[in-house]
Amino acid sequence: MTPSAPAVVSFFLALGCASGCQALFGVDDDQGPESDGGSGPAGVGGGGGGAVQSGAGAAAGGPVGCTCVDPAPEGWEGYFEVTSREADAAVTVCNAGAAIVLFEGPADTTCAPCQCGPAMGAACSAPSITCYNDNACTAGGFDYTNLLAGGDCAATLMPGSRWCELSGPPQLATSSGCTASGGGLAHVAPWASADDLCTTPTGAGCSAAEVCVQPGACIKKAGSTQCPPGWPTKRSAYTGGPDTRGCSECACASAEGVQCAGGSYTFFYYLADCGAEVFGTPVSTAACTSVGQPLQARAYAPAPNVAGASCPPTGGAPTGTLDLGQDVTVCCR
């Protein structure tokens, strides 16, 4: 059957609308009417109001890598990155400007013990000697010790035959000394540790009432005080001042334990400057010994025995003070 005219017109109208009605009426076959961007979940319509940030700063509403916090309270300075080090190590090099150096705790002021070296320089006298007019060494005794004390050859001035004996032990004539050492500070650096404060930049992207700081940022305030809320980690430090600490000079007292024993005399019958030993008579004990009528004599002092001697050390006590400077409180996140 031949289609009627109205039917043919309806067919072509339907075919044209399949390709042109979308452009004509603004209809989207896939999404429907255009969204206003403020409704529906993220990824639908306008994406839920904007892109989602990531990182520490994002969690608080700030940019990536920093955190939005309230500004440092009045009287506090910031913001800093703190590097702790040994006090005698090199100062930290900051990215911008020089580091503010603070100190924590004075170093130990213990002085190294004073020590004394071996005893030396001691000298003993000759023993005492007394000469008599009889062979029992009882009559007319005369002490020749001082006359012969110098150790040089001396005239005896004896008018006749004499008998002599050692009447006393030798004495320590010159005290022994020792060389002192030690006494310096055990720790050379005046401080136990140091903190270098470098200024750290703040980020943008927070509200007008906040500041964006890096993780671990710190603030500081002069004096010893409590940390403000939000800055819980406290460091107590000092600006530092002159260090006059030291140790008193080490010294050694006279040696103790030096022994003097022995010694003798020789009496000569010829004026040969005590050189004719073959014609000399020695006296080296307390036995009464005949020396005839000598013309000269010489004393022989013993060498000191310092094997068990020692010198008591003195000194090595702490002296001076360390000026701590001003107290500084450092608080970190």
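A few notes on this one:
- Qualifying position, being modelled with pLDDT of 90 or more, surrounded by fewer than 16 Cβ atoms within 10 Å (Cβ to Cβ) and more than 24 Å from residue 136 (Cβ to Cβ), among 286, 303, 276: 303
- Considering segment 233-333, the qualifying strands (runs of 3 or more DSSP E), each wholly inside and each with 1 or more residues that are closer than 30 Å to residue 193 by Cβ and hydroxyl-bearing (Ser, Thr, Tyr), run over 233-238, 327-332.
- Tally of residues being open to solvent by 60 Å² or more (accessible area, probe 1.4 Å), more than 24 Å from the chain's Cα centre (by Cα) and in contact (Cβ under 8 Å) with a residue 60 or more places away in the chain across segment 74-96: 4
- When residues of segment 158-185 are limited to those that are under 50 Å from the mean Cα position of the chain (by Cα) and exposed (fewer than 15 other Cβ atoms within 10 Å of the Cβ), the one nearest to residue 111 (Cα to Cα): 184
- Unmet requirement for residue 46, which otherwise passes all of (1) within 22 Å of residue 204 (Cα to Cα); (2) open to solvent by less than 60 Å² (accessible area, probe 1.4 Å); (3) at pLDDT below 50; (4) not hydroxyl-bearing (Ser, Thr, Tyr): (1)
- Of all residues in segment 164-186, those that are touching a residue at least 60 places away in the same chain (Cβ under 8 Å) and among the β-branched types (Val, Ile, Thr) have Cβ atoms under 8 Å from Cβ atoms of residues that are in a loop (DSSP other than H, G, I, E, B) and surrounded by fewer than 15 Cβ atoms within 10 Å (Cβ to Cβ), 6 or more apart or on another chain, in 179/117.
- With respect to being hydroxyl-bearing (Ser, Thr, Tyr), touching a residue at least 40 places away in the same chain (Cβ under 8 Å) and under 30 Å from residue 307 (Cβ atoms), residue 161 falls outside the description.
- Residues in segment 112-133 that are surrounded by fewer than 21 Cβ atoms within 10 Å (Cβ to Cβ), more than 23 Å from residue 267 (Cβ to Cβ), in contact (Cβ under 8 Å) with a residue 60 or more places away in the chain and not polar (S, T, N, Q): 112, 113, 117, 118, 120, 123.
- Of the residues making up segment 206-220, not a single one is within 30 Å of residue 109 (Cα to Cα), in contact (Cβ under 8 Å) with a residue 60 or more places away in the chain, touching an Asp or Glu at 6+ places or on another chain (Cβ under 9 Å) and open to solvent by 40 Å² or more (accessible area, probe 1.4 Å).
- Residue satisfying all of: in segment 139-157; under 16 Å from residue 292 (Cα atoms) and without any contact (Cβ under 8 Å) to a residue 12 or more places away in the chain; surrounded by the most Cβ atoms within 10 Å (Cβ to Cβ) among these: 141
- Identity of the residue in segment 99-111, in a loop (DSSP other than H, G, I, E, B) and farther than 27 Å from residue 230 by Cα, that ends up least open to solvent (accessible area, probe 1.4 Å): 107
- Checking residue 225 against (1) part of a strand (DSSP E or B); (2) under 31 Å from the mean Cα position of the chain (by Cα), the condition it does not meet: (1)
The values are calculated or read from the model by the stated rules, or taken from the named source; none is laboratory data. Because the structure is a prediction, the values reported are computed rather than measured. Methodologically, a virtual Cβ is constructed for each residue, glycine included, from the backbone with ideal geometry; neighbour enumeration extends over all protein chains shown. Side chains are part of the model used for accessible areas, which takes the heavy atoms of the whole protein and leaves out ligands, DNA and RNA. Shrake-Rupley method; radii C 1.70, N 1.55, O 1.52, S 1.80 Å.
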